[in-house]
Amino acid sequence: MKFDPSSKIHDYLVFGEFGGVNPSITDSSTYTFLSPEKMEELFEHEIEGCFLYSRHWNPINKSLSEALARFEDTESAQVTASGMGAINCAVMQLCNTGDEIVSAHTIYGGTYALFKNFLPKFGIETKFVSIVNLDKVKSAITEKTRILFCETISNPLLEVANIPELSKIAKENNLTLVVDNTFSPMIVSPARLGADIVIHSMTKFINGTSDCVAGCICASNDFISQINDINSGSSMLLGTVLDSYRAASILKNLHSLHIRMQKHSSNALYLAEQFKKLGCKVFYPGLKEHSQHELLKSMMNDGFGYGGIVALDLQDKDKAKKLMTLMQKEKVGYLAVSLGYFKTLFSSPSHSTSSEIPDEEQKEIGLTKGLIRFSVGLDNDIEEKFERIKKCLQNIT
Ligand SMILES: *Cc1c(COP(=O)(O)O)cnc(C)c1O
């Protein structure tokens, strides 16, 4: 065990207002000052333990941010109202008109659409490359490039980014390496491998109950101060603040994340191995056949497995649709987008979460119409669940 993110969280004690074991929910948008002088001072610079207005900071958001910073081993963190909010805050803070981003081409559909369709309105262009081809990454960099962007384990094809090598490239070219770690919390700690900024959609595994949308940015003290600057900070001025009720519930869920990741991972590995035995085309970084299996092994923290996402390629759109319909009927899980829920969720990325990516590009990156992405749940009876899936598979041909 080199690094254990879960023990970092458990070592962090925050007391509630009345000594409660959970910190109190901040039920206020604004805070009183005992003197006008103190208020003036706070507008000039942050004062430890002193709050102004909840879009800027509030106590429970600060507690959750502190826990997340420890967990990703960064100096600081900020929580946001969504994962997209986190990505926007980071990118808008780093880029000016005329700047460029070099991004992995297999990324979350929303991020892809932001980079491809929305940011060009502000004169920010993105070059998409295969992140596993480091030469392609290098040759996409120009003097206008500011950000190198990737996901640790990509959505939905589960390619693994070589974070130490990407970090070297970023440093050589004076770029900021931004890593979306949504698929692999606990498993990989990108900042320890050289990432400058680590992003999560907390909507997924970190919260784990599919009852809210939230995100976070883990980075240096300097960067978190920049995004919170009342005159020029993206978090402050784009208004992506997380609601304090949600911050409180996410902080509680964060404390069981290590146990959930272990179970998601062991269940996913079991399903991936069984799919393989059936002769299906399956993508899972825990399988020896996966192109970046050894790479992931070299980067991961011990004890949390290879993650909860498995992609099964049936190579045929109608078969995929039939299988998903049957699996829902047989109570394998829900036909739903998103991931990290305690029950199994499955969807066809080509028609849903990655539909922002044009057909010809989907083909190029190997995303077929018959691909089903499983977010494997916390089932205690995964062998029995697999028997149900197997029956469904037998009934689609
Ligand atoms: C869901 C997701 C996002 C976006 O997060 P939201 O919380 O839905 O805004 C970003 N990146 C990845 C990898 C995701 O899965």
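Overview of values
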read-out	value
Residue that is more than 30 Å from His56 (Cβ to Cβ), of a type in the set (Lys, Arg) and out of contact with any helix residue (DSSP H, G or I) (no Cβ under 9 Å at 6 or more places or on another chain), where the choices are Lys138, Lys144	Lys144
Residue list for region 203-250, restricted to those being among the aliphatic types (A, V, I, L, M) and open to solvent by 10 Å² or more (accessible area, probe 1.4 Å)	Val213, Ile230, Met236, Leu237, Leu238, Val241
From Val91, Val102, residue being under 25 Å from Ser167 (Cβ atoms), within 16 Å of the ligand (Cβ to nearest atom), crowded, with 18+ Cβ neighbours inside 10 Å and outside the structural domain of Gly303 (by TED's automatic domain parsing)	Val91
Cβ-Cβ under 7 Å pairs, at least 6 apart or on other chains, region 351-362 side open to solvent by 80 Å² or more (accessible area, probe 1.4 Å), far side outside any helix (DSSP H, G or I) and within 14 Å of the ligand (Cβ to nearest atom)	none
Single match in Tyr112, Tyr108 (criterion: open to solvent by less than 10 Å² (accessible area, probe 1.4 Å) and either within 16 Å of the ligand (Cβ to nearest atom) or outside the structural domain of Arg373 (by TED's automatic domain parsing) (or both))	Tyr112
Filtered residue count, region 166-187, keeping only those that are crowded, with 22+ Cβ neighbours inside 10 Å and either within 22 Å of Leu296 (Cβ to Cβ) or within 15 Å of the ligand (Cβ to nearest atom) (or both)	13
Complete set of residues in region 53-87 that are of a type in the set (A, V, I, L, M, F, W, C), within 16 Å of the ligand (Cβ to nearest atom), closer than 17 Å to Leu257 by Cβ and touching a Cys at 6+ places or on another chain (Cβ under 7 Å)	Leu68, Ala77, Val79
Yes/no for Phe128 being free of Cβ contacts under 8 Å to residues at least 12 places away in the same chain, outside any loop (DSSP other than H, G, I, E, B) and within 21 Å of the chain's Cα centre (by Cα)	no
Cross-chain or 6+ apart pairs with Cβ under 9 Å, region 112-123 first and in contact (Cβ under 8 Å) with a residue 60 or more places away in the chain and of a type in the set (A, V, I, L, M), then open to solvent by 20 Å² or more (accessible area, probe 1.4 Å) and not in a helix (DSSP H, G or I)	Ala113/Glu356
Residues of region 188-214 classified as more than 16 Å from Leu148 (Cα to Cα) and either more than 9 Å from the ligand (Cβ to nearest atom) or without any contact (Cβ under 8 Å) to a residue 40 or more places away in the chain (or both), total	11
Near pairs, Cβ below 8 angstrom, 6+ apart or cross-chain, from region 143-154 (near the ligand (Cβ under 10 Å from one of its atoms)) to any residue that is of a type in the set (Val, Ile, Thr) and not in a loop (DSSP other than H, G, I, E, B)	Glu151/Val179; Thr152/Val160; Thr152/Ile163; Thr152/Val179; Ile153/Val160; Ile153/Ile309; Ser154/Val160
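The values are calculated or read from the model by the stated rules, or taken from the named source; none is laboratory data. Predicted model only: the values in this text are computed from it and were never measured. Glycine gets a Cβ as well: all are built from the backbone with ideal geometry, and neighbour counts include every protein chain shown. When the accessible area is computed, the model is the full protein with side chains, heavy atoms only, and any ligands, DNA or RNA have been set aside. Shrake-Rupley method; radii C 1.70, N 1.55, O 1.52, S 1.80 Å.
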